Amino acid sequence: MESIVKKDHTRVSTTFPKPEVAVSHFQEGIVLLLSRWNALQMAIQNEWGGHDSLQKFHQLVLDILSWFSQSKGTLYIEDLENLLHESLLLSFNTEIEDGSIEEVKERKGFGVYK
């Protein structure tokens, strides 16, 4: 493992994880963030999207991962908000108007731009 030594003699790794490892960690982070979203968890637990609500949750995770990884240009947080809103409406028959979509996109780690 490559590292550099800072002025205080601590070592900092300069080796980056393999892309597939980084993607896997990012996907785990998306799952963690969405699992803390109460409105989405209620939709899954109460099967508002039907008996396959859990599968729809996993598809949402993949859609978000794809949104981040497949975009070639600038990512706009409003597009992520639209993705979340549309997914809940179409997949879970749920209109979220409690401000939690904004909370998820802004405060829980998705406020990242490419």
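Structure above, values below:
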{"quantity": "Amide H contacts under 5 Å for Leu75, placed H, 5+ residues apart", "calculated": "Lys114"}
{"quantity": "For the range 37-46, 3J(HN,Hα) per residue [Karplus equation, 6.51 cos²θ - 1.76 cosθ + 1.60, θ = phi - 60°, Hz, x = Gly/Pro]", "calculated": "8, 4, 4, 5, 5, 5, 4, 6, 5, 8"}
{"quantity": "Under the Karplus curve 6.51 cos²θ - 1.76 cosθ + 1.60, θ = phi - 60°, whole-Hz ³J(HN,Hα) for the range 52-69, x wherever Gly or Pro sits", "calculated": "9, 4, 5, 5, 5, 4, 5, 5, 4, 4, 5, 5, 5, 4, 5, 4, 6, 8"}
{"quantity": "Per-selection Kirkwood Rh - the range 18-107 (Cα, Å, 1 d.p.)", "calculated": "13.5"}
{"quantity": "Extension reserve of the Leu32-Glu97 stretch, reckoned as 0.36 nm per residue once the Cα distance is removed", "calculated": "21.2 nm"}
{"quantity": "Within the range 18-107: Cβ-based charge dipole about Cα centre, in debye rounded to nearest 20 (Lys, Arg +1; Asp, Glu -1)", "calculated": "400"}
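We did not get these values from a lab; they are worked out from the coordinates using the rules stated. Every value quoted in this text rests on a predicted model; they were computed, and no experiment measured them. In this analysis, Cβ positions are derived from the backbone assuming ideal geometry, glycine residues included, and neighbour counts consider all displayed protein chains.
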